[in-house]
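Each reported figure results from applying straightforward, stated rules to the coordinates on display, with no laboratory input. In this text the structure is predicted, and so the values were computed from the model without any measurement. Here Cβ is always computed from backbone atoms with ideal geometry, including for glycine, and neighbour counts include all displayed protein chains.
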Amino acid sequence: MSTAWPVTLSTLLTCLALALVACTQPATPTPAGARAGETPPGAQKPGAAEGSPSTPSGPAAKPSGPAQAALHGDQTLRINIGSEPATIDPTLASFVDEAAIAQLVHAPLMSFDTRLQVVPGAAEKYTVSNDGLTYAFALRQGLTFSDGQPVKAQHYEYAWKRLLDPALAAEYASIAYVIKGAEEYNTADHRRLSAQQLQALRDAVGVKATDDSTLVFTLKHPAPYFVSITALWFSVPLREDLIKKGGERWTEPETYAGSGPFVLKDWQHQNKLVFEANPRYYRGKPRLERIEAVMINDPTVQRAAYLNGELDLYEVGGEDLATVERDPSLSKELLRWPGTCTYYIGFNAVRPPFDNLKVRQAFAATIDREAYVRDIGRGLGKAAYSFVPPGLPGYQPALKQWTFSPQDGRRLLGDAGFADPTKLPPITITYSSNPRTKARMEWLADQWKRALGVEVKLDPVETKAYTELLKKPETTPQVFLLGWCADYPDPQNWLSVVFHSKSTIARTGWKNADFDALLDQADRLPDMNKRLELYNKAQGILVEQAPVAFLLHSEHVFLKKTWVRDLHVSPIDSLPGIFGIEKTWIAKH
Amino acid sequence: MPWRDSIGLITFVLMHNTPGGPWDREKPLDPRVVENLNRKFGLDRPLHEQFVSYMWNALRLDLGPSYQYRGRSVTDIIAERLPMSIQLGVLALAVSLLLAVPLGMLAALRQNTWLDYTSLFFATIGVTVPSFVMAIFLIMVFGVWLSWLPVMATNWGDWRAWLLPTLTLALFPTAFIARLTRASMLEAIRQDYVRTARAKGLAERIVVTRHALRNALLPVVTVVGPATAGLITGSFFVETMFSFPGIGRLFVQAVSQRDYSVIMGTTLLYAALIAFANLVVDVAYGFVDPRIKAEG
């Protein structure tokens, strides 16, 4: 028949074309963006009641670097930030890429080294009063903005008060509520109060530049973790004159002057941001001449660009990890290091059956976390048996109460009175509906079915609907999946901020007076070792009481071209190597 | 115009009845911060007040501030993104018409030849392959294998960055219009008046273009209106794959982020565009369909 061969041929060609495309399998385009929890600042140095200048990040002497001959002609680092940043105003920045840009262009008071210790930044030292309520920071001499204007303590005072300005409604304002007068100012209804009243509230905030190079903070109560907060991306000097001049568009290059390692040279909206080295940076002019940040939405395109040599860094997704590890050349470019997020299964501890301690423990004991990382996480991440992740102060590797044990699980369930699992009330896992989470939930449900004989129903809901459900204990699902990414690496930002009974973050409704008491103490002691002791005890209670079952600690996994050198990464990086980006350079290639 | 208000009302009601709001993030914000944000954007006012105030401002083309993009007004954002989508849509439409109409015509005239089958084959591919699959396929071919174009082509001042997105977006309309043209052309050349024209001794070319084609194009014209509207309102997939700053992606993201003002603004805009596109089609009919001209 004359029509037979064209049909066969076309079918074959179609299959070939589809197979070709399938081999370069994309992940479905997602508009999501990561929230900036990813900046765990280093914890205080043990015994740092007196600030002491530590790392030799002093005067503008260039650190001895690579020989001229080893340098590539074009010292440009090419990175991808995924999409147009919603804002790069340091006061308003709340997503990871926004914080990264703020950290490239501006210099916070303190900084972190790659071991997560808080080290001097723009401030060369700080002192704390004996009652722990007053912090005085001394700025370095010779700090300037990229346009030559000197940096003064008043610029920092302005930035902190701007963070708390109720009219701006900055998302990170609440992190500063430990400062005296901060909450009162920030929660004032600026529409109802007069200008004088607002100014009075602003003046009452405990941030003062006592002279051009001294900044004094007065806190409401002792908070040894406060120094970590002064190292975050909003604790930077801002120029009121430039902000007034630029108005809503002050973040354009003409008015976006900072004192950080790089200067924003060009912002082609929806296309890319171009940064150039700041010769006036207090740690010396960076070795890199430029950083170009493009905005490629789709992970597959990003990957193709990396393979094509158009990008120097690429964040590897779970789907790609196995392929990358098997590839002989790509595996050499793989860079993995611990992250700053922990994911967990939360239980609604105020409604049956999870109001029963033993039931929660039974469920916590019957999750094979290693298998989870291997099978669901595709090797990305590390099994979590406690909250604080590896690499951060407060991590307790020995705290592993709930290793996988179906026997223990069944025994606990029996102790709870549910030796016959069918007697349990119906249990539903509610989760944010997307293919990844669905796979995880199905896996979990299967685990509990096999280990405990419990039927768990799955209930996917739309993402925003899911977050809406979690707002109230009445609507909070019985079992839910959540994660926490720290803002700074102090254990306070983990245990107290998330699980203290006063916190609204954990959503489990679980309360424990001993746990709270330990935290209330630890949050205020000046001595880090004593604090860690108490936090460890508290974490022990948290794990034992199992209001949540910890699942996974996150990992950063990137492909980095071999010619990018001296990129020193840390768990809290918003951009890999951001703490020490002035040392990075490009080798000849 | 009452329809604009009813579309606005329906969208507003749907938006506010959907769970979740612009400040709901995976990592929860402090409730005091949320209160501040609601105050700043007037979201703590009663709903009817918000609606009336919004529509009143919209009349004066003040579509409010965006909740996602701090410091930018919705009018600004739309004014930045809409022309891009329009340009891409018009280009894609032009390409698809230029390719599809001749292709469909030829396929009809040379029915059941290899030309016909080949074009049918490609038309089927065009209709069935999803745009994001075709997008990545084109990027791999032209960017990685042939290296004719960079993989990351986001400099929209450079004409070469527009090549692949236009091709990808033109794929479905080309295929669809080609098949439509072919089908309607086949029907047209079987009409009596064509036989009459041939019998009168007219050249085949004139028979085809002056007589058959004009009538065959009627269904195509019908389709061009909605197709244009669809193309101009942007394709989320094409825009994401090419990181194209268009209004399709803006709209979808605004919905998932609950950026109320962008959602309202874009919906009203879409309604206006679609109404306009249909008007243009009606006018075009007057030129193409002699029956309408005679009556009107």
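Overview of results
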read-out	value
Under-5 Å amide H pairs with A:Leu311, H placed in peptide plane, nonlocal only	A:Tyr306
Filtered chymotrypsin sites (Phe, Trp or Tyr not before Pro), the range B:6-55: DSSP coil and at most 15 other beta carbons within 10 Å	none
Helix-only CD estimate at 222 nm, as mean residue ellipticity for chain A, using -39500 (n - 2.57) per DSSP H run (n ≥ 4)	-8000 deg cm²/dmol
Cα extents of chain B along the three principal axes, largest first (Å)	83, 56, 31
Angstrom value of the Kirkwood radius, inverse mean 1/r, which spans all Cα pairs in the range A:402-442	12.4
Measure of compaction for the protein assembly as shown (Cα Rg per 2.2 N^0.38 Å)	1.06
Rule-of-thumb Rg ratio for the range A:103-177 [Cα; 2.2 N^0.38 Å; N residues]	1.23
Calculated diffusion of the range B:1-49, Stokes-Einstein form, Kirkwood radius summed over Cα pairs, 37 °C and 0.692 mPa s, µm²/s	261
Antiparallel bridges, percent of DSSP beta bridges restricted to the range A:419-518 (to nearest 5)	0
Exposed-loop-free span, longest in chain A, where GluC sites (Glu not before Pro) count as exposed if DSSP calls them loop and at most 13 other C-beta atoms lie within 10 Å	A:1-253
HN-Hα J in Hz across the range A:386-392 - Karplus 6.51, -1.76, 1.60, θ = phi - 60°, x for Gly and Pro	9, 8, 5, x, x, x, 9
Per-bin percent of Cα-Cα distances, the range B:63-192 [10 Å]	12, 30, 28, 19, 8, 3, 0
Amide H within-cut-off set for A:Ile427, under 5 Å, with H built and near neighbours excluded	A:Lys457
C-alpha center-to-center spacing [the range A:186-228, the range B:116-148] in angstrom	60
Within chain B, longest stretch clear of exposed trypsin sites (Lys or Arg not before Pro) (DSSP loop, no more than 11 other Cβ within 10 Å)	B:61-189
Tensor-based shape of the range A:457-499 (alpha-carbon gyration tensor, a/c under 1.5 rounded, otherwise prolate or oblate)	prolate
Mean projected area in nm² (Cα convex hull; one quarter of hull surface) for the range A:181-266	7.7
Dipole in debye (nearest 20) - the protein assembly as shown, about Cα centre, beta carbon charges: Lys, Arg +1; Asp, Glu -1	1260
Dimensionless Rg over Rh [the range B:1-150; C-alpha; Kirkwood]	1.16
Environment charge of A:Asp415, counting only residues whose C-beta is closer than 14 Å and scoring Lys/Arg +1, Asp/Glu -1	+3
Lys/Arg +1, Asp/Glu -1 at C-beta; chain B dipole; positive extreme among B:Ser96, B:Ser243, B:Ala212	B:Ala212
Per-residue average of Cβ from other chains inside 10 Å of B:246-256	2
Charge-dipole axis of the range B:3-44 as Lys and Arg at +1 and Asp and Glu at -1 on Cβ define it, positive-most pick from B:Val33, B:Thr18, B:Ser6	B:Val33
At least 27 Å along the helix axis (C-alpha) and Kyte average at least 1.0, DSSP helices within chain B	B:74-109, B:163-189, B:260-288
Relative contact order [Cα under 8 Å, 6+ residues apart], the range A:368-436, whole percent	18
Sites matching trypsin sites (Lys or Arg not before Pro) across the range A:464-538 that sit in DSSP coil, with at most 13 neighbouring C-beta atoms within 10 Å	A:Lys502
Whole-percent pair-distance distribution, where bins are 10 Å wide, for the alpha carbons of the range A:447-556	12, 38, 33, 14, 3
Stokes-Einstein D in µm²/s, Kirkwood radius over Cα pairs - the range A:394-462 at 10 °C with 1.306 mPa s viscosity	116
The range A:376-417: C-alpha gyration tensor shape, a/c 1.5 cut-off, then a/b vs b/c	oblate
Stokes-Einstein D (µm²/s) once Rh is taken as the Kirkwood radius of the range A:225-359 over alpha-carbon pairs, at 20 °C in 1.002 mPa s	109
Cα Rg over Rh - the range B:209-296, Kirkwood	1.16
Isotropic mean projected area of the C-alpha convex hull, the range A:495-589 (nm²)	8.7
At q = 0.29, 0.33 Å⁻¹, base-10 log of I(q)/I(0) for the range A:92-132 (Debye sum, equal scatterers on each alpha carbon)	-1.01, -1.06
C-alpha center-to-center spacing [the range B:76-110, the range A:139-179] in angstrom	51
Share of alpha-carbon pairs per 10 Å distance bin for the range A:216-257, given as whole %	24, 35, 24, 17, 0
Mean projection area, nm², convex hull over Cα of the range B:187-258	7.0
